[in-house]
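The values are calculated or read from the model by the stated rules, or taken from the named source; none is laboratory data. Everything quoted here is computed from the prediction, not taken from an experiment. Positions of Cβ are backbone-derived with ideal geometry, glycine not excepted, and every protein chain shown enters the neighbour counts. Heavy atoms of the whole protein, side chains included, go into the accessibility calculation; ligands, DNA and RNA do not. Shrake-Rupley method; radii C 1.70, N 1.55, O 1.52, S 1.80 Å.
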Amino acid sequence: MAATVVHRALDGRRYELSGPLDLGRPCTSSVEVTVGGRRHELVAGSTGLGAEVATALGLSGFDEELRFDGGTLLVGRTRRAEPGSRITEDLLLVVWQGRRHCLIGHFYATTTATAVELLHSLGIAEHDDGLMLRPRDPASALAAPATLVKEIPTLGLLELTVPSAPQATRLPAWKGARTRSGELFSDRLSNGDPYFVLAGADTWTTVLPLAATDLERVPAVVDRLGLRLLDAR
């Protein structure tokens, strides 16, 4: 039976996925933002993601809980050694929790007040299909289109964004396979692992196969996937 889901990326773009596939897995969205001339990466996901990230960083809990932008802001602190350099830095983890979604940011050598000011300048808006950022300050902006990541069993991890000129120049020289959602190209990463690029009229999707993915069947599975960009609202 065909299914249809809509996910919103942090830049407000909404992606519709449809077809006779397992589309029930949650997704995440990431975006780089510029605030006061400095770049930061923020990640959005379902509400449980914040606790998972905190556990992965070795936090036993959060130190502060604040009401913020219609949700709850959780703040935790830890010290982390950078691999290779072994330089130890103070890490501030902030997790904004809404009704169904959360926003996660990591900040080094900063204070709660600075992190709150940064998030306030970006503006967090929660919708049923995901979170989006609406910069409120002229010194704050999204540095690039957001990326949406979703796992589809039998296919792999999909990284969705909008096409850009630099991406188009990285397309393989050979002709791709035609599918219902665009032209599909196959290639290999520098380590030899296979991957695919689905170039649509208004979407750009990188497909990273899972260990159990049947690579020969990827074009046929992709051809069952409907993918389109909806108007942001």
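Give, as residue ranges, the strands (runs of 3 or more DSSP E) completely inside region 54-141 that count at least 3 residues that are over 16 Å from S29 (Cβ atoms) and more than 23 Å from the chain's Cα centre (by Cα).
Here the list reads 64-68, 71-81, 88-97.
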message: If I filter region 166-184 for residues that are under 17 Å from the mean Cα position of the chain (by Cα), farther than 25 Å from V75 by Cα and assigned to a loop (DSSP other than H, G, I, E, B), do I get at least one hit?
response: no
- request: Restrict the check to region 95-113 and report whether at least one residue is surrounded by fewer than 14 Cβ atoms within 10 Å (Cβ to Cβ) and out of contact with any strand residue (DSSP E or B) (no Cβ under 8 Å at 6 or more places or on another chain).
  value: yes
task: Within region 1-25, track down each residue that is open to solvent by 30 Å² or more (accessible area, probe 1.4 Å), part of a loop (DSSP other than H, G, I, E, B) and either free of Cβ contacts under 8 Å to residues at least 24 places away in the same chain or under 14 Å from T154 (Cβ atoms) (or both).
output: M1, A2, P20, D22, G24, R25
- line: Of the residues in region 194-211, those that are over 15 Å from E159 (Cα atoms) and either of a type in the set (V, I, T) or touching a residue at least 12 places away in the same chain (Cβ under 8 Å) (or both) come to A201
message: So, in region 77-91, exactly how many residues are under 19 Å from A56 (Cβ atoms) and either of a type in the set (D, E, K, R) or at pLDDT 95 or above (or both)?
response: 6
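Could you check region 36-53 and list, in sequence order, the residues that are assigned to a helix (DSSP H, G or I), small (G, A, S) and farther than 24 Å from S121 by Cα?
Across region 36-53, the qualifying residue is only A51.
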- prompt: Which residues, taken from region 116-150, are open to solvent by 60 Å² or more (accessible area, probe 1.4 Å) and closer than 30 Å to V221 by Cα?
  reply: D128, P145
